[in-house]
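*Asks:* Structure provided below as structure tokens; questions to follow.
The values are calculated or read from the model by the stated rules, or taken from the named source; none is laboratory data. Note that the structure is predicted; figures quoted are calculated from it, not measured. Backbone-built Cβ (ideal geometry, glycine too); neighbour counts: all protein chains shown. Accessible surface is based on the protein model in full, side chains and every heavy atom, while ligands, DNA and RNA are left aside. Shrake-Rupley method; radii C 1.70, N 1.55, O 1.52, S 1.80 Å.
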Amino acid sequence: MAFDWTYFWAQLFTPSTAFLDGLFLTVFMAVAAQILGSVLGLVIALGKMARSRVLRGLAGVYIWIVRGTPLLVQIVFIYTGLAAANILRFNDITLSGITFPGSVQAGILALALNEAAYMAEIFRSGIGSVDSGQFEAAKALGMPPATMFRHIVMPQALRIILLPIGNQFNIMLKNTTLVSVIGVSEMLLVTETINSATFRTFELYSVLALYFLALTSLWHLFMAWAEHRLARSKTGLVPGQDAGATPKEVAA
Amino acid sequence: MKPPRISDERLIELTGVAKWFGPNKVLDDVDFHVRRGEVVVLIGPSGSGKTTLLRCINHLETVQAGQVRVRDELIGYRMRGSKLVADRERNIAVQRREVGMVFQRFNLFPHLTVLENITIAPTLLRGVPKARAEEDARALLARVGLPDKALSYPVHLSGGQQQRVAIARALAMQPAAMLFDEPTSALDPEMVGEVLGVMRDLAASGMTMVIVTHEMGFARQVADRVVVMAQGRVIEEGAPEQVFSAPRDPKTRALLAAVLH
């Protein structure tokens, strides 16, 4: 069977409503899981760096388990496994007319929990690469830990980890396809559904791949812009570079 | 004879302070005090504990024995019954606001402008309104000779300029005393003078200062008292003329011979 160009172009430029809904769901879940995962990741990073041995241990075990098991397994475990064991059942929630299916909630949660483990390590490396002199100067001025963290350490750490965070979101966009196994109608599942009726697998998956490529490319362009902006900023700090390095002396 | 601007009040007082780094005893039963308005210069060979002593004053280093007091308030620890227990970070942070510190490597905040570097602590920690803090910061910048650098970022300043901003940043908190940890050691020689000049003005204004330095000429001019350390102990102290011209301890003589020639 030859490649059906007419069908391909039609799917690419006039996608069905179901597919557009899937596209929206893909982006929505990726953004929600990335934000939730980042917040959680920061908490775990702080736990990993805490003075308390218990907190460090807990954070370490979390990262060990999450990074050591497949995301697909985690998704099924959280949605289907927990429900089967009568531990946690995700029910649909309706807020001002919009329904959030239980599977979408579980999907976002699973993606976020997984992301948190990776983000924790990224935050930790970012915070670790802020020069110790910055901590000392903040302390010597009398900043309590939270103030020091928010105003001195994080602004510098975020510049350092901008690129790895960008990569994480790229991966996140693509990982949303895994949530199709628990019945979330994101782009992949919608494509599969259409495919089961038409069997135009080659054309449909080409379209699906192109949509993902478009999403990741848009994100890539945004990151390139953000990086360029930061690199040109007057602070002289360049993302990815050690902000703590002794600034080079410029004759006045 | 002490100059009249020095009061009898002991602003900073360390008694019996001891500290180990692993098996090394870096501070060995040190007694040390600074009176209000006094300029004390700490000298000693590297590894003698002078920087560690300085860092104990604002609790950047913990101590394992003895007490550190600023304005008669115990620093870093609280009395619980008759026992000393580590104080909470938040309380220690409040205590540190009374003592400014200037570091060897400046440690300006690279993501903030010069003006923001100076205003961030008073606005966040003392609740000074932003406009007022900026006004004060500009006055401080004029005082350290950098009136036109307010909107620059640290990376665009020379080492000497960065260190002068760091002094202004510490002064913005209106501390009762200032600590200087080898403030000119990381500078190119031609920039040492501008920083020492600012410190000299500060001393003349009556600021209480503790200075760790290798600049013996400066120490001699500015110090009210010179304290010599070796192997974690205070081995000699006195007026600069006495310590530099007629050192009593052979280790002081050896140190002075090494740095002055």
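*Asks:* State whether the residues of the range B:65-74 include one that is over 30 Å from residue A:230 (Cα atoms), in contact with a Lys or Arg (Cβ under 6 Å, 6 or more places away or on another chain) and surrounded by fewer than 16 Cβ atoms within 10 Å (Cβ to Cβ). Steps first, answer last, please.
*Replies:* Going through the range B:65-74, the residues over 30 Å from residue A:230 (Cα atoms) turn out to be B:65-74.
Then keep just the ones that are in contact with a Lys or Arg (Cβ under 6 Å, 6 or more places away or on another chain); that gives none.
So far as the range B:65-74 goes, no, none of its residues is over 30 Å from residue A:230 (Cα atoms), in contact with a Lys or Arg (Cβ under 6 Å, 6 or more places away or on another chain) and surrounded by fewer than 16 Cβ atoms within 10 Å (Cβ to Cβ).
*Asks:* Something else now. Can you name the residue in the range B:148-168 that is part of a helix (DSSP H, G or I) and open to solvent by 10 Å² or more (accessible area, probe 1.4 Å) and, of all such residues, is nearest to the other protein chains (Cβ to nearest Cβ)?
*Replies:* Ranking the qualifying residues of the range B:148-168, first place goes to B:155.
*Asks:* Where the second residue is of a type in the set (Ser, Thr, Tyr) and open to solvent by less than 10 Å² (accessible area, probe 1.4 Å) and the first is farther than 18 Å from residue B:4 by Cα and in a loop (DSSP other than H, G, I, E, B) and lies in the range B:218-235, which pairs have Cβ atoms under 8 Å and are six or more apart or on separate chains?
*Replies:* B:231/B:48; B:232/B:48
*Asks:* Same structure again: Which one is nearest to the other protein chains (Cβ to nearest Cβ), of the residues in the range B:65-115 that are assigned to a strand (DSSP E or B) and within 30 Å of residue B:158 (Cβ to Cβ)?
*Replies:* Looking at the filtered set, the residue picked out is B:101.
*Asks:* Would you confirm whether any residue within the range A:222-243 is of a type outside the set (Ser, Thr, Tyr), open to solvent by 50 Å² or more (accessible area, probe 1.4 Å) and at pLDDT 95 or above?
*Replies:* Yes, because at least one residue in the range A:222-243 is of a type outside the set (Ser, Thr, Tyr), open to solvent by 50 Å² or more (accessible area, probe 1.4 Å) and at pLDDT 95 or above.
*Asks:* Which condition does residue B:15 not pass, out of (1) more than 19 Å from the chain's Cα centre (by Cα); (2) part of a strand (DSSP E or B); (3) without any contact (Cβ under 8 Å) to a residue 60 or more places away in the chain, if it passes all the others?
*Replies:* Among (1) more than 19 Å from the chain's Cα centre (by Cα); (2) part of a strand (DSSP E or B); (3) without any contact (Cβ under 8 Å) to a residue 60 or more places away in the chain, residue B:15 violates only (1).
*Asks:* Then there's this: Cβ contacts < 8 Å: first residue over 22 Å from residue A:149 (Cα atoms), restricted to the range B:125-140; second residue buried (at least 17 other Cβ atoms within 10 Å of the Cβ) and among the acidic types (Asp, Glu), any location; separation 6+ or different chain. Result?
*Replies:* Pairs found: none.
*Asks:* Which residues, counting only those in the range B:1-59, are open to solvent by less than 30 Å² (accessible area, probe 1.4 Å), within 24 Å of residue B:203 (Cα to Cα) and of a type in the set (Val, Ile, Thr)?
*Replies:* Matches in the range B:1-59: B:6, B:12, B:34, B:39, B:40, B:41, B:43, B:52, B:57.
*Asks:* Could you tell me whether residue B:192 is β-branched (Val, Ile, Thr), touching a residue at least 60 places away in the same chain (Cβ under 8 Å) and either open to solvent by 10 Å² or more (accessible area, probe 1.4 Å) or touching a His at 6+ places or on another chain (Cβ under 8 Å) (or both)?
*Replies:* Taking the combined requirement at face value, the residue does not satisfy it.
*Asks:* Would you mind finding the one in A:2, A:33, A:59, A:18 that is open to solvent by 50 Å² or more (accessible area, probe 1.4 Å) and touching a residue at least 24 places away in the same chain (Cβ under 8 Å)?
*Replies:* So the residue among A:2, A:33, A:59, A:18 that is open to solvent by 50 Å² or more (accessible area, probe 1.4 Å) and touching a residue at least 24 places away in the same chain (Cβ under 8 Å) is A:18.
*Asks:* Quickly run through the range B:170-180 and pick out the residues that are under 18 Å from residue B:154 (Cβ atoms) and open to solvent by 10 Å² or more (accessible area, probe 1.4 Å).
*Replies:* B:171, B:172
*Asks:* Looking at the range A:145-171, I want the residues that are within 9 Å of chain B (Cβ to nearest Cβ) and free of Cβ contacts under 8 Å to residues at least 24 places away in the same chain and have a partner that is open to solvent by less than 40 Å² (accessible area, probe 1.4 Å) and part of a helix (DSSP H, G or I) with Cβ atoms under 7 Å, at least 6 apart or on another chain. Which pairs are those?
*Replies:* Between residues of the range A:145-171 that are within 9 Å of chain B (Cβ to nearest Cβ) and free of Cβ contacts under 8 Å to residues at least 24 places away in the same chain and residues that are open to solvent by less than 40 Å² (accessible area, probe 1.4 Å) and part of a helix (DSSP H, G or I), the close pairs are A:148/A:138; A:151/B:120; A:152/A:134; A:152/A:138.
*Asks:* Taking residue B:185, is it among the polar types (S, T, N, Q), surrounded by fewer than 18 Cβ atoms within 10 Å (Cβ to Cβ) and without any contact (Cβ under 8 Å) to a residue 12 or more places away in the chain?
*Replies:* No.
*Asks:* Go through A:110, A:116, A:106 for me and flag whichever is in contact with a Gly (Cβ under 6 Å, 6 or more places away or on another chain), part of a helix (DSSP H, G or I) and either surrounded by fewer than 20 Cβ atoms within 10 Å (Cβ to Cβ) or more than 14 Å from every other protein chain (Cβ to nearest Cβ) (or both).
*Replies:* A:116
*Asks:* Let me ask another. Which of the residues that make up the range A:96-120 are in contact with a helix residue (DSSP H, G or I) (Cβ under 7 Å, 6 or more places away or on another chain) and among the polar types (S, T, N, Q)?
*Replies:* A:103, A:114
*Asks:* Just to check your reading of the model, which residue among A:224, A:231 is small (Gly, Ala, Ser), part of a helix (DSSP H, G or I), more than 24 Å from residue A:106 (Cα to Cα) and within 14 Å of chain B (Cβ to nearest Cβ)?
*Replies:* A:231
*Asks:* Out of the range B:209-261, which residues are of a type in the set (Val, Ile, Thr), under 21 Å from residue B:25 (Cβ atoms) and either under 20 Å from the mean Cα position of the chain (by Cα) or open to solvent by 20 Å² or more (accessible area, probe 1.4 Å) (or both)?
*Replies:* B:212, B:227, B:228, B:234, B:235
*Asks:* I've got another one for you. Are there any helices (runs of 4 or more DSSP H) wholly within the range A:140-205 with 1 or more residues that are over 25 Å from the mean Cα position of the chain (by Cα) and surrounded by fewer than 21 Cβ atoms within 10 Å (Cβ to Cβ), and if so which?
*Replies:* So the answer is A:145-148, A:187-198.
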